[in-house]
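Taking it in order: structure first as structure tokens, then the write-up.
Derivation of every value follows stated rules applied to the coordinates shown; laboratory data play no part. Predicted, not measured: the structure shown is a model, and the values here were computed from it. So basically every Cβ, Gly included, is an ideal-geometry build from the backbone, and we count neighbours across all protein chains shown.
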Amino acid sequence: MKKTKKPVHPGLVVQKEILMPLGLTITAAAKRLGVTRNTLSALINMKSSLSSEMAVRIGKATRTNPRKWLELQINYELWQAEQKVMKVGDLTVKSD
């Protein structure tokens, strides 16, 4: 398995690319997104995954594509899974 650089968690992107430049607190951003402070805090602190609903909320608020936000989450999760799976047998279908 080839080693790749760890992808960034979408919560970190929200924090560094949105909240910090705009000077928004988690509380203020959560209110604008229509979620609880705890929900946004868990995402920002990488304690929760980005849901499809949150991707849509962030996309609408920032005028960005929700799919791009979900791609960040998928890339992060796949990288984590690849780190855990050390050896898996070959399941390739062989023809006669």
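Worth a mention:
- Residues that are among the aliphatic types (A, V, I, L, M) and within 21 Å of Lys31 (Cα to Cα) were ranked within region 57-96; the one that is surrounded by the most Cβ atoms within 10 Å (Cβ to Cβ) is Ile58.
- Restricting region 1-32 to residues that are in contact (Cβ under 8 Å) with a residue 40 or more places away in the chain and in a helix (DSSP H, G or I), the residue that is nearest to Lys84 (Cα to Cα) is Pro10.
- Set side by side, the residues Thr39, Thr4, Thr25 differ, and just one is surrounded by 14 or more Cβ atoms within 10 Å (Cβ to Cβ), of a type in the set (Ser, Thr, Tyr) and more than 13 Å from the chain's Cα centre (by Cα), which is Thr39.
- Restricting region 49-96 to residues that are in contact (Cβ under 8 Å) with a residue 12 or more places away in the chain and hydroxyl-bearing (Ser, Thr, Tyr), the residue that is farthest from Pro10 (Cα to Cα): Thr62
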